[in-house]
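Derivation of every value follows stated rules applied to the coordinates shown; laboratory data play no part. In this text the structure is predicted, and so the values were computed from the model without any measurement.
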Amino acid sequence: MIPWLAKDKTAVVTGGASGIGLAAARRLLTNGMNVVIADRDEAALGAAAEALPSTAGRLEALPCDVSIYESMERLRTRVIDQFGAVHCLMNNAGAALGRPEPWEDIAAWKQQVDINLWGIVHGCQAFVPIMQDSNEPAAIINTGSKQGITNPPGGYAYNLSKAGVLAYTQSLAHALRKQAESLISVHLLVPGFTYSNMIARFVPEQPPGAWTPDQVAHYMLRSIEQGDFYILCPDNDTPRALDNARIQWNADDIIKNRPALSRWHPDYIAEYEAFIQG
């Protein structure tokens, strides 16, 4: 049983107008929670508000650009004015913006970090103090990525931003755990291959290997009920054992002093393939 997942409790979900955020909002609503979905796409917000159930908890759809702290502060003020407290903060807003090389397009690098990393920092800075003050069971869920753990070549700016989410969320969990009276749990959601709106723009039909956002939301709540910090989601192509092997190989690059990203280094491909085969 999740103590904050109950009637008349309130959740805030950024990036809530589509994908995993929308699926999570639907599940929270059907459990009787009041849910605020926040997104910078106001047209998508309106469509999401119409699509979500209206017979359970109360729904509000509010605009917010998570990359701007003042926008997050305005969101917090409106949520507290309407609901008085927040019991679940899901910092889910994110974007994949191009694939520049590490020495290219500094504006794209900054924008990627502003949304994916600073958006989460802004959410926690705005909401954690009031969640602490309420002295009620609550949770913070930050959406990371497997790319922030294993750092595959290509989406370098995205990987950087999600690696920052991993480090920040670990720090947040530790800092709150040190406070003896804190009732706030912290969780890092790490989706697998998910057929979200981000993917649907390029792939018109769901690939067989992908999970739906609703599968991710279901897995997330089940993991939170079990007390998991790392919510490492599988998908139809990637079982947990394969994720574990990839993460272990990546960590061993440091321990064994292999070349950076040796999983993709031509001198180590055969060794890596033998490793994941067990």
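Structural remarks
- Extension gain, residue 132 to residue 182, is 17.3 nm, computed as 0.36 nm per intervening residue step minus the present C-alpha separation.
- When you restrict to C-alpha pairs under 8 Å that are six or more residues apart and normalise by the size of the chain, the relative contact order lands at 15 percent.
- Here the Karplus curve 6.51 cos²θ - 1.76 cosθ + 1.60, taken at θ = phi - 60°, turns the phi angles of region 260-265 into couplings of 4, 6, 5, 4, 10, 8 Hz, with x standing for Gly and Pro.
- Normalised contact order of region 1-102, rounded percent, pairs of Cα under 8 Å and 6 or more residues apart: 32 percent
- In sequence order, calculated HN-Hα J values of region 78-87 (Karplus, 6.51, -1.76, 1.60; Hz; x Gly/Pro): 5, 5, 5, 4, 8, 10, x, 7, 10, 10
- Compared with the alpha-carbon gap, the fully stretched path from residue 255 to residue 273 is longer by 4.6 nm at 0.36 nm per residue.
- In order through region 141-149: 3J(HN,Hα) via Karplus (6.51 cos²θ - 1.76 cosθ + 1.60), integer Hz, x for Gly, Pro: 10, 9, 8, x, 6, 4, 5, x, 9
- Among 149, 106, 231: highest mean-square fluctuation, GNM of the chain, C-alpha pairs under 10 Å: 106
- Restricting the calculation to Cα atoms, region 239-278 yields a radius of gyration followed by a Dmax of 9.6, 28 Å.
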